[in-house]
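The values are calculated or read from the model by the stated rules, or taken from the named source; none is laboratory data. Since this is a predicted model, take the numbers as computed values, not measurements. All Cβ positions, glycine included, derive from the backbone under ideal geometry; neighbour counts span all protein chains shown.
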Amino acid sequence: MNSILMQAKTLYPLEDCAFTPAAGHEGGRNQVFIVRYNGENKYVLRVSALDDRNEEAYLAETEFVRYLAQNGAPVADVIPSIRGNLVERMEADGKTAYMSLFAYAKGMLISDNGYRYREGAPLEEYFHNTGKALGAIHRLSKTYTPVYPRPDYFDKYNRAYLDRLIPDDFGGLKKAVAERLDAFHALPRDKSVYGLVHFDFSDGNYHIDMKTGEITVFDFDNCMNCWYMFDLANLWLHNEGWTRWETDPGKRLALMRQCFDLQLQGYKAETDLTHEMLEKLPLFIDMVLIENIVDELECCAREGEELDWEDIEDAAECLIQGIPWAGIGQ
């Protein structure tokens, strides 16, 4: 770690800064440090040495973040090195690694505030602002022309790879995933509905300014070319925590829709969304469930662990049995 930080101080103006390792989270694969100056959080330093990423992938991610920030999207900007690079190649522990520095997003995670929104403001504001932040990102993505490409959805989520990844004794899941892939292939992929998306838009990846309610989004590490509806479906699913206290299935689904309607109002204030795509929300919720299952399987493979069916059971059963809305309302 000392070697990494010494190199960081030669590449960025961080000489008088303090570095604190960020708390790890499930599925996290990068070394991340909170950089403080005069006791204030200023930057986030990320060091990555992943077998499934190359320099071009990091350049594509940071190029997109820079474009969003410079065009007014509420994202934590990437900070160029003293050489003017958004990504710096380095050696760490005998491996090639890639370093990037990001502005520290103003505010805090809502989880760090006990899932309490800012005092004196209605929770409706929170839902509106999350949708508006996502809409701003998608609006700019629709006009974005990258120098470095990020992967397309089917580069990873294709039948050949998923058939190898899903164990053979999960035959029902294999069949259900294959059926959804066929449905995804039939979807339109023009620039108005398909482009570079966050692909992990949730309350763990944005901070809230508890004085103003403004949201700042970060962690575009998983961004890829996909349908904009994927991010919206992921947002819909993450509303589950706000409604779990309601035990009546029908009322709970109605509450989920109320939360999402507020997010859609914010989203549509920034960019268009056709009725035809919105009608396909249940299909995109299934797409998110598949991503969640794939992530769990890949984590087990990296750790050399055997998958516990219970970890994916709910999502898998929704796909196998054709249960809509991730089972909420059943």
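Of these, Asp168, Asp203, Asp190, which one is assigned by TED's automatic domain parsing to the domain that holds Tyr144, under 20 Å from Glu279 (Cα atoms) and assigned to a loop (DSSP other than H, G, I, E, B)?
Of the residues listed, the single one that is assigned by TED's automatic domain parsing to the domain that holds Tyr144, under 20 Å from Glu279 (Cα atoms) and assigned to a loop (DSSP other than H, G, I, E, B) is Asp190.
Taken as a whole, the condition of being outside any loop (DSSP other than H, G, I, E, B), touching a residue at least 40 places away in the same chain (Cβ under 8 Å) and under 23 Å from Asp190 (Cβ atoms) applies to Ala233. Do you know which of the residues in the range 302-313 that are assigned to a helix (DSSP H, G or I) and within 21 Å of the chain's Cα centre (by Cα) is nearest to Arg180 (Cα to Cα)? Here the answer is Asp311. Taking each residue of the range 1-16 that is in the same structural domain as Leu45 (by TED's automatic domain parsing) and looking for partners that are surrounded by 14 or more Cβ atoms within 10 Å (Cβ to Cβ) and acidic (Asp, Glu) with beta-carbon atoms closer than 9 Å, six or more apart or interchain, yields Gln7/Glu88; Ala8/Glu88; Leu11/Glu88; Tyr12/Glu88. Take Ala69 and decide whether it is at pLDDT 95 or above and on the phi < 0 side of the Ramachandran plot. Yes.
Only a single item in (1) over 25 Å from Leu134 (Cα atoms); (2) out of contact with any helix residue (DSSP H, G or I) (no Cβ under 9 Å at 6 or more places or on another chain); (3) outside any strand (DSSP E or B) is not met by Arg36, and it is number (3).
Quick grid of which residues meet (1) of a type in the set (A, V, I, L, M, F, W, C); (2) in contact with a helix residue (DSSP H, G or I) (Cβ under 7 Å, 6 or more places away or on another chain); (3) surrounded by fewer than 18 Cβ atoms within 10 Å (Cβ to Cβ):
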| residue | (1), (2), (3) |
| --- | --- |
| Leu235 | yes, yes, no |
| Trp242 | yes, yes, yes |
| Gln258 | no, no, yes |
| Thr271 | no, yes, no |
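Taken together, Tyr153, Tyr148 contain a single residue that is hydroxyl-bearing (Ser, Thr, Tyr), surrounded by 15 or more Cβ atoms within 10 Å (Cβ to Cβ) and in contact with a helix residue (DSSP H, G or I) (Cβ under 6 Å, 6 or more places away or on another chain), which is Tyr148.
When each of Val288, Val294 is tested for being in contact (Cβ under 8 Å) with a residue 60 or more places away in the chain and on the phi < 0 side of the Ramachandran plot, the lone residue that passes is Val294.
The residue list Glu63, Glu56 contains one member that is acidic (Asp, Glu), outside the structural domain of Gly131 (by TED's automatic domain parsing) and either in a loop (DSSP other than H, G, I, E, B) or in contact with a Pro (Cβ under 7 Å, 6 or more places away or on another chain) (or both), which is Glu63. If you check Ala121, Ala103, Ala69 for being over 20 Å from the mean Cα position of the chain (by Cα) and small (Gly, Ala, Ser), only one passes: Ala121. Of the listed requirements (1) assigned to a loop (DSSP other than H, G, I, E, B); (2) loosely packed, with under 13 Cβ neighbours inside 10 Å; (3) modelled with pLDDT under 95; (4) not small (Gly, Ala, Ser), Glu91 misses just one: (1). With respect to the conditions (1) assigned to a strand (DSSP E or B); (2) surrounded by 20 or more Cβ atoms within 10 Å (Cβ to Cβ); (3) of a type outside the set (Val, Ile, Thr), Asn225 falls short on a single one, namely (2).
Kindly indicate which of Tyr117, Tyr153, Tyr148 is in contact with a strand residue (DSSP E or B) (Cβ under 6 Å, 6 or more places away or on another chain), assigned by TED's automatic domain parsing to the domain that holds Trp236 and either of a type in the set (Phe, Trp, Tyr) or free of Cβ contacts under 8 Å to residues at least 12 places away in the same chain (or both). If you could, list the steps in order and put the result at the bottom.
On the way: Tyr117 fails: in contact with a strand residue (DSSP E or B) (Cβ under 6 Å, 6 or more places away or on another chain); Tyr148 fails: in contact with a strand residue (DSSP E or B) (Cβ under 6 Å, 6 or more places away or on another chain).
That would be Tyr153, the only listed residue that is in contact with a strand residue (DSSP E or B) (Cβ under 6 Å, 6 or more places away or on another chain), assigned by TED's automatic domain parsing to the domain that holds Trp236 and either of a type in the set (Phe, Trp, Tyr) or free of Cβ contacts under 8 Å to residues at least 12 places away in the same chain (or both).
For the range 240-292, a residue qualifies if it is farther than 16 Å from Arg180 by Cβ, within 23 Å of the chain's Cα centre (by Cα) and of a type in the set (Val, Ile, Thr), and the qualifying residues are Thr243, Thr271, Thr274.
Val147 meets each of the listed conditions (1) hydrophobic (A, V, I, L, M, F, W, C); (2) more than 13 Å from the chain's Cα centre (by Cα); (3) assigned to a strand (DSSP E or B) apart from (3).
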